[in-house]
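Here's the structure, in structure tokens; my notes come after.
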Amino acid sequence: MIDSAILKKSIKEKFGHSDCSIFSAPGRINLIGEHTDYNGGFVLPASIDKCISMAIVPNGTSAVNLYSIDYDDSVSFDVNGEKPEQQWACYVYGVIREMKKRGASPGGFDAVFGGDIPLGAGMSSSAALESVFGTALNTLFKLGFDKKELAKIGQMTEHNYVGVRCGIMDQFASLFGEAGKVIKLDCRSLEYELFPFEPKGIRLVLIDTMVKHSLASSEYNVRREQCEAGVAVIAKYKEGVELLRDVTIEELDTHRDEMDPEVYRGCHFVISENQRLLDGCEALSNGDYALFGKKMFRTHEGLSKEYGVSCEELDFIVEIARSVEGVLGARMMGGGFGGCVLAMVREKNHDEYVAKVREAYQKRFHKDPRVIDVVISDGARQW
């Protein structure tokens, strides 16, 4: 988190405010349940100790004045005006517009913000940005939205103003996260259950491949369309089928010949992943972190070979993880085509794992991966 003193200094330098409010919203990891959210399934995210922090002051006008510390860039627009050109500012604009669609009237404000969530690494910096502004505007302008509605506002911001047809997991995790707990979220009903995740002597480690991706220009939307194509086939034979959540493996196999092979493989992964998550939650309830780790390895195998969203660098790191004693589980995380590998590693084997990955990765790809240790922490809040 950016130190509040830096935020206070920045908002005074940029906008002349001596008093301000400080808010933060975290990024997230997702332990199991990838690409299941937009299929109405379950996900198992957790908020982390990497976040976007903001200093903000209502200015009594309809003007929004923003300064991004990370981009060293400023933008101004009217809450009733046209969308700004800078993509990062479209997230803020979208949150405001989605609030207005719901009958709220957020006013103008001055804000500076920045964060320590690695961009393009699959930790949902975009959802954190939506969540920090959603939380701040809801609080300062007393708009009355609950956290679930703020999550929907963030999701619709991406759909309508950024061009990414994301599910709701990222926003939900950023808003609802709690330290030492993971969230089993039903993405259709938005019902959720918290599971303790505090394994003794085990650390969560992200290895960033340094291969960057942008979901808006990737195969993300293509995969979603393939899932919808599979649902359309099953819906011809079974009433009430709207999402892959409604389809069993047996039903999918029955109509396999009516689907493109890529559509079948993608649907098979999503349905299997949903069950894998439920089995993983049972393992957590029993304190069986070793079994949970095996589920993580299987998830990666499915993402790579069935869903087709991994890449050479991600697969390489996961194979190294399999070879190191004390690595209970590892998988690619996020939309795919780059980003991070998440691993559960025993404390005593942490340094060995990191060193082995660094050496092998540099030798193979001639670049140094970034190592990010994360701790499960609280969600969006005012400081």
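When segment 137-168 is examined, which residues are found to be β-branched (Val, Ile, Thr), touching a strand residue (DSSP E or B) at 6+ places or on another chain (Cβ under 9 Å) and in a loop (DSSP other than H, G, I, E, B)? Once the filter is applied, which keeps residues that are β-branched (Val, Ile, Thr), touching a strand residue (DSSP E or B) at 6+ places or on another chain (Cβ under 9 Å) and in a loop (DSSP other than H, G, I, E, B), segment 137-168 yields only 168. Being of a type outside the set (S, T, N, Q), at positive phi and touching a residue at least 60 places away in the same chain (Cβ under 8 Å), is that true of even one residue in segment 126-149? No, segment 126-149 contains no residue that is of a type outside the set (S, T, N, Q), at positive phi and touching a residue at least 60 places away in the same chain (Cβ under 8 Å). Selection of first residues in segment 88-100 that are over 15 Å from residue 73 (Cα atoms) and of second residues that are small (Gly, Ala, Ser), restricted to Cβ pairs under 6 Å at least 6 apart or on distinct chains, gives the following pairs, ordered by first then second residue: 95/134. Quick one: is residue 204 out of contact with any Cys (no Cβ under 9 Å at 6 or more places or on another chain), crowded, with 19+ Cβ neighbours inside 10 Å and in a strand (DSSP E or B)? Yes; evaluated as a whole, the condition is true for this residue. Looking at segment 303-319, is at least one residue at pLDDT below 95, surrounded by 16 or more Cβ atoms within 10 Å (Cβ to Cβ), aromatic (Phe, Trp, Tyr) and within 20 Å of the chain's Cα centre (by Cα)? Checked segment 303-319: at least one residue is at pLDDT below 95, surrounded by 16 or more Cβ atoms within 10 Å (Cβ to Cβ), aromatic (Phe, Trp, Tyr) and within 20 Å of the chain's Cα centre (by Cα).
Being in contact with a Lys or Arg (Cβ under 7 Å, 6 or more places away or on another chain) and of a type in the set (Val, Ile, Thr) is the filter here; which residues of segment 21-58 pass it? Once the filter is applied, which keeps residues that are in contact with a Lys or Arg (Cβ under 7 Å, 6 or more places away or on another chain) and of a type in the set (Val, Ile, Thr), segment 21-58 yields 32, 48. Residues that are aliphatic (A, V, I, L, M), in a loop (DSSP other than H, G, I, E, B) and modelled with pLDDT under 90 within segment 211-248 comprise just one, 211.
When each of 56, 69 is tested for being crowded, with 24+ Cβ neighbours inside 10 Å and touching a Phe, Trp or Tyr at 6+ places or on another chain (Cβ under 9 Å), the lone residue that passes is 56.
Of all residues in segment 324-350, those that are part of a loop (DSSP other than H, G, I, E, B) have Cβ atoms under 7 Å from Cβ atoms of residues that are of a type in the set (Phe, Trp, Tyr) and at pLDDT below 95, 6 or more apart or on another chain, in 335/220. The condition of being polar (S, T, N, Q), free of Cβ contacts under 8 Å to residues at least 40 places away in the same chain and within 30 Å of residue 196 (Cα to Cα) does not hold for residue 299. Between 79, 75, 92, the distinction of being in the same structural domain as residue 49 (by TED's automatic domain parsing) and touching a Phe, Trp or Tyr at 6+ places or on another chain (Cβ under 7 Å) belongs to 92 only. Just name the residue that is surrounded by the fewest Cβ atoms within 10 Å (Cβ to Cβ) out of those in segment 351-371 that are under 18 Å from residue 326 (Cα atoms) and in contact (Cβ under 8 Å) with a residue 60 or more places away in the chain. Only one residue fits best here, namely 371.
The values are calculated or read from the model by the stated rules, or taken from the named source; none is laboratory data. Not measured: the values here are computed from a predicted model. Reconstructed Cβ throughout: ideal geometry from the backbone, glycine too, with neighbour counts over all protein chains shown.
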